[in-house]
1. Kindly list, by first and then second residue, each pair from a residue in segment 141-156 that is in the same structural domain as ILE106 (by TED's automatic domain parsing) and over 30 Å from GLY78 (Cβ atoms) to a residue that is surrounded by fewer than 24 Cβ atoms within 10 Å (Cβ to Cβ) and of a type outside the set (A, V, I, L, M, F, W, C), limited to pairs with Cβ atoms under 6 Å and residues at least 6 apart or on different chains.
2. Any chance segment 151-162 includes a residue that's in a loop (DSSP other than H, G, I, E, B), at pLDDT 90 or above, under 18 Å from GLU227 (Cα atoms) and among the β-branched types (Val, Ile, Thr)?
3. Taking ILE224 as the residue in question, decide whether it is part of a loop (DSSP other than H, G, I, E, B), modelled with pLDDT under 85, farther than 21 Å from ARG102 by Cβ and in contact with a strand residue (DSSP E or B) (Cβ under 6 Å, 6 or more places away or on another chain).
4. Looking only at residues that are at pLDDT below 90 and in a strand (DSSP E or B) in segment 93-112, which one is nearest to GLU262 (Cα to Cα)?
5. Any idea which residue in segment 44-67 is surrounded by the fewest Cβ atoms within 10 Å (Cβ to Cβ), counting only those that are assigned to a loop (DSSP other than H, G, I, E, B) and at pLDDT 85 or above?
6. Can we say PHE182 is touching a Lys or Arg at 6+ places or on another chain (Cβ under 9 Å), modelled with pLDDT under 80 and in a loop (DSSP other than H, G, I, E, B)?
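The values are calculated or read from the model by the stated rules, or taken from the named source; none is laboratory data. Remember, predicted model here, so these are calculated numbers, not experimental data. Cβ sites come from the backbone with ideal geometry, for glycine too, and all protein chains shown count toward neighbours.
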Amino acid sequence: MADTLTPNFGFTQPEIGGSDDTWGNKLNANWAKADGLLAIIPTTQHFLIPGPFTWIKPVAPSACRWIILEGVAGGGGGGGVTGAAGTRAAGAGGGGSGGYGRTTPIDVRHITSVTGTIGAGGTAGNGTTGANGGSGGNSTVTIDGITYIWQGGGGGGTQLLSTWTYHFGGGGGGGGGTNLAFFTSGHGHFGTGSVGNAAHGGHGGASPWGNGGYGKTQIGAGNIAGENGYNFGGGGAGAAGCNTAAHANGGIGANGRIAFWEYY
């Protein structure tokens, strides 16, 4: 039986009983090759800015062989509160977080570039116009016609008030999902925003990469907007209506993010 090579890295497997004078050199060569391979630390590319992007496969010191994608979509915006001055109190709904998940390893040995999109956070619910919080944008990656999708979080509901009555708040936005074959947890769904009430606006949903905004409480001041989600994928907070102001806006959702974990 002659010497053979391992299928992945080409290590020499000395012929049993036939390498009496050469096995040491062969094994030393294997160790030298292994040392060089272990010196290559897996790299990561992060895409954070909303809109389209292109991933270029690393080629030095050796070509990237496979990747794992980890991502989150944009969080939904929190709802606003609309009502005449003198309205008692109410809280709008918080926005849901963007869908989050990781893929199984993807073979990219024959891929040169990959395109994608980072989802933007949803717009704040406008108290003046009575608009609900906007849904977060989807984050996507397309590799040779196969598209991986992280769904944006739903926007929180705006609460419409009539004068001098108590209203319990608008509904929170739903957490986004993904179409990935493998999910880190909960089938990609995270952080449904909470419903506001007469005490405060609803909290925005949290993703693994970002907390949602906390709904504002009633503090007697006018036109107070909900806090924003921050980091990545968090939902915006719902606004709280106050008895000295006509309108209050919600908080915007946080933008999405995608990481390419690159292995050699």
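1. THR142/THR115
2. No, that holds for no residue.
3. Numbers: part of a loop (DSSP other than H, G, I, E, B): yes; modelled with pLDDT under 85: yes; farther than 21 Å from ARG102 by Cβ: yes; in contact with a strand residue (DSSP E or B) (Cβ under 6 Å, 6 or more places away or on another chain): yes.
In short, yes.
4. Checking each candidate, the answer is ARG102.
5. Looking only at segment 44-67, we keep the residues that are assigned to a loop (DSSP other than H, G, I, E, B), and these are 48-50, 57-65.
With the extra rule that they be at pLDDT 85 or above, the set shrinks to 48-50, 57-58, 64-65.
Values: LEU48: 12, ILE49: 10, PRO50: 18, LYS57: 18, PRO58: 16, CYS64: 22, ARG65: 14.
The selected residue is ILE49.
6. Numbers: touching a Lys or Arg at 6+ places or on another chain (Cβ under 9 Å): yes; modelled with pLDDT under 80: yes; in a loop (DSSP other than H, G, I, E, B): yes.
So PHE182 fits the description; yes.
For (1) outside any strand (DSSP E or B); (2) at pLDDT below 85; (3) surrounded by 22 or more Cβ atoms within 10 Å (Cβ to Cβ), each residue gets a yes or a no:
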{"site": "VAL114", "(1), (2), (3)": "no, no, no"}
{"site": "GLY121", "(1), (2), (3)": "yes, no, yes"}
{"site": "GLY127", "(1), (2), (3)": "yes, no, yes"}
{"site": "TYR148", "(1), (2), (3)": "no, no, no"}
{"site": "GLY172", "(1), (2), (3)": "yes, yes, yes"}
